[in-house]
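Everything below concerns the one structure shown next.
The values are calculated or read from the model by the stated rules, or taken from the named source; none is laboratory data. What you are looking at is a predicted structure, and each value in this text was computed from that prediction instead of being measured. Quick reminder, even Gly has a Cβ in these numbers, built from the backbone with ideal geometry, and neighbours come from all protein chains shown.
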Amino acid sequence: MNWTLEQIRSFAPDEASFAAGQKLAKVSQWSTTGESENALWGECQGSGKNPYQIRIDKREFAYRCTCPSRKLPCKHVLGILILAANSPNAVPTKVEPDWVTEWLDGRDERAQKKQEKAEKPPKPVDEKAQAKRAEQRTKRVSTGLEQFALWLNDIARTGIADLERKPLSFWEDQAKRLVDAQAPALATRLQTIAEIPASHADWPTQLLGELGKLALLVEAYQNIDAQHDDLQHEIRELIGWTVDQNELAGTGEIVSDCWGLLGQFYEQSGKIQTQRNWYYGITTGRPLLLLQFTAGNQGFTETHVPGSFGNGDAVFWPGTGKLRGKFLKREINPTTTPMFPQSAVCTIPEFLDLVAEQAARQPWLEIVPALLKDVTIRHSQESWSVRNFEGMALPLVGNDHWTLHAVGGGRPVTLFGEWNGRALAPLSIWDNEKFYLP
């Protein structure tokens, strides 16, 4: 495996774990190490009598360590990866020991059972009971949205001047009512809006815009039968309906391509952690948003490494933008070669035209992926931006982009990031045929 240090750092649970992994990336820390076509493994002495056994499945990049750490991946997994990256000769090619082979065989057996289960014909559905549940939920959502519309109208009638003095419960109570009405996605959107009042000088303009989008969403749902099919799917998902992933492979659009992970964004809200992985099809130029969620300090189900590429089949959720999807199968090929899709790279004016076109189709977009060419990183009076040759600029999120500035060195680069309608969050950059993470 030839992951770079930046790629290994990207999936460490925190900087402290990565630092601890670096300390273990020494031959003297390992009693045995080895690598085969399918696996990477090692034994590292811990505080107990027996050494910890670390094994990594290279085919899907899964891992297991016998240490008791609740952080995933643990410092031992990170340590052997860093050791292999820094000193390939320290991890010789060998025949897998029994404890590695048994683990791989167990994974293969579970994967086979999962595949057989997926291929079994589904159990007969009680269509009458299903229709009754759907009808009950539709009524509950409709009633809840009628009450929510009255709440929005009250705000419009009284104005927003005093909203910066409202307690958090003003928003939370209404969000709880939406959850009770089985509209959880709408409730989450409202909780996000609750953070806007008094957050910056221009908060009234931003708040009015977001509340207006909520009112438009409610009206769109109340007239959902008049919308085209893709927009109906989008509206229902924005309210809180979910797509059955077991049925997605049979109903969603499937695209085969070589997919590159151009950027990854992580955020935490309460106990819920969210990871956004942005893939692009090298041939098709299709963006693919792969979401992962986890609670507490549990690790994500899959590992996705920025800068890696591989062939795969992706299925997309229904909707107008068809951004979100998942892999039905994929390969992993770590690389630092800039294999971004030429058809998807655009200038700043082209990107803004694309945003306007997408917003006209679906006005509730929160994030749009941006793959910009020939831009420079600029710093001026504590603010950062990316600019083109003509001086057109987009502001950057945050106030510390010296690493990107140093990588670019004032030269035009290719940059990937997330556009939230106000600023761009940079997630990766290419310069001189090299891939960098911020």
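Values computed for the structure shown
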{"quantity": "Output for the range 367-408, where each listed residue is more than 30 Å from residue 357 (Cβ to Cβ) and within 26 Å of the chain's Cα centre (by Cα)", "calculated": "399, 400, 402, 403, 405, 407"}
{"quantity": "Test: residue in the range 322-332 that is among the basic types (Lys, Arg), out of contact with any helix residue (DSSP H, G or I) (no Cβ under 8 Å at 6 or more places or on another chain), surrounded by fewer than 16 Cβ atoms within 10 Å (Cβ to Cβ) and within 21 Å of residue 285 (Cα to Cα)", "calculated": "yes"}
{"quantity": "Residues satisfying the stated conditions in the range 128-146, i.e. of a type in the set (Asp, Glu) and surrounded by 11 or more Cβ atoms within 10 Å (Cβ to Cβ)", "calculated": "146"}
{"quantity": "Residues of the range 15-40 classified as under 30 Å from residue 266 (Cα atoms) and either hydroxyl-bearing (Ser, Thr, Tyr) or touching a residue at least 40 places away in the same chain (Cβ under 8 Å) (or both), total", "calculated": "12"}
{"quantity": "Test: residue in the range 312-324 that is without any contact (Cβ under 8 Å) to a residue 40 or more places away in the chain and either of a type outside the set (D, E, K, R) or within 30 Å of residue 112 (Cα to Cα) (or both)", "calculated": "yes"}
{"quantity": "Flag for residue 140 being in contact (Cβ under 8 Å) with a residue 24 or more places away in the chain and either under 30 Å from residue 217 (Cβ atoms) or of a type in the set (Lys, Arg) (or both)", "calculated": "yes"}
{"quantity": "Breaking point among (1) touching a Ser or Thr at 6+ places or on another chain (Cβ under 6 Å); (2) among the hydrophobic types (A, V, I, L, M, F, W, C); (3) in contact (Cβ under 8 Å) with a residue 60 or more places away in the chain, for residue 239", "calculated": "(1)"}
{"quantity": "Qualifying residue in the range 349-357 (condition: part of a loop (DSSP other than H, G, I, E, B) and either modelled with pLDDT of 85 or more or small (Gly, Ala, Ser) (or both))", "calculated": "no"}
{"quantity": "Candidate set from the range 261-281 (those that are small (Gly, Ala, Ser) and at pLDDT 90 or above); member that is surrounded by the most Cβ atoms within 10 Å (Cβ to Cβ)", "calculated": "263"}
{"quantity": "Out of 327, 340, sole residue that is at pLDDT 85 or above, farther than 30 Å from residue 224 by Cβ and not acidic (Asp, Glu)", "calculated": "327"}
{"quantity": "Residue check, residue 188 modelled with pLDDT of 95 or more and of a type in the set (Ser, Thr, Tyr)", "calculated": "no"}
{"quantity": "Residue in the range 1-24 that is nearest to residue 295 (Cα to Cα), counting only those that are modelled with pLDDT under 85 and among the polar types (S, T, N, Q)", "calculated": "10"}
{"quantity": "Some residue of the range 420-434 being modelled with pLDDT under 95, of a type in the set (Phe, Trp, Tyr) and in contact with a Phe, Trp or Tyr (Cβ under 8 Å, 6 or more places away or on another chain)", "calculated": "yes"}
{"quantity": "Pick from the range 263-319, criterion in contact with a Pro (Cβ under 6 Å, 6 or more places away or on another chain) and either of a type in the set (D, E, K, R) or in a loop (DSSP other than H, G, I, E, B) (or both), ranking: nearest to residue 13 (Cα to Cα)", "calculated": "282"}
{"quantity": "Condition broken by residue 188, with the remaining ones in (1) closer than 15 Å to residue 144 by Cβ; (2) touching a residue at least 40 places away in the same chain (Cβ under 8 Å) satisfied", "calculated": "(2)"}
{"quantity": "Segments classed as helices (runs of 4 or more DSSP H), wholly inside the range 1-91, with at least 1 members that are out of contact with any helix residue (DSSP H, G or I) (no Cβ under 9 Å at 6 or more places or on another chain) and surrounded by 19 or more Cβ atoms within 10 Å (Cβ to Cβ)", "calculated": "5-10"}
{"quantity": "Residues within the range 21-65 that are within 23 Å of residue 105 (Cβ to Cβ) and among the aliphatic types (A, V, I, L, M), tallied", "calculated": "5"}
{"quantity": "Residue within the range 92-112 that is surrounded by 13 or more Cβ atoms within 10 Å (Cβ to Cβ), closer than 18 Å to residue 8 by Cα and either in the same structural domain as residue 19 (by TED's automatic domain parsing) or modelled with pLDDT of 90 or more (or both) present", "calculated": "no"}
{"quantity": "Members of the range 276-296 found to be within 16 Å of residue 321 (Cβ to Cβ) and free of Cβ contacts under 8 Å to residues at least 60 places away in the same chain, listed by number", "calculated": "279, 284, 285, 286, 288, 290, 291"}
{"quantity": "Filter result (among the charged types (D, E, K, R) and in contact with a Phe, Trp or Tyr (Cβ under 8 Å, 6 or more places away or on another chain)) within the range 213-233", "calculated": "213"}
{"quantity": "Residue 165 vs. criteria closer than 21 Å to residue 240 by Cα and either among the acidic types (Asp, Glu) or at pLDDT below 95 (or both)", "calculated": "no"}
{"quantity": "Filter result (over 18 Å from residue 416 (Cβ atoms) and not acidic (Asp, Glu)) within the range 346-361", "calculated": "356, 359, 360, 361"}
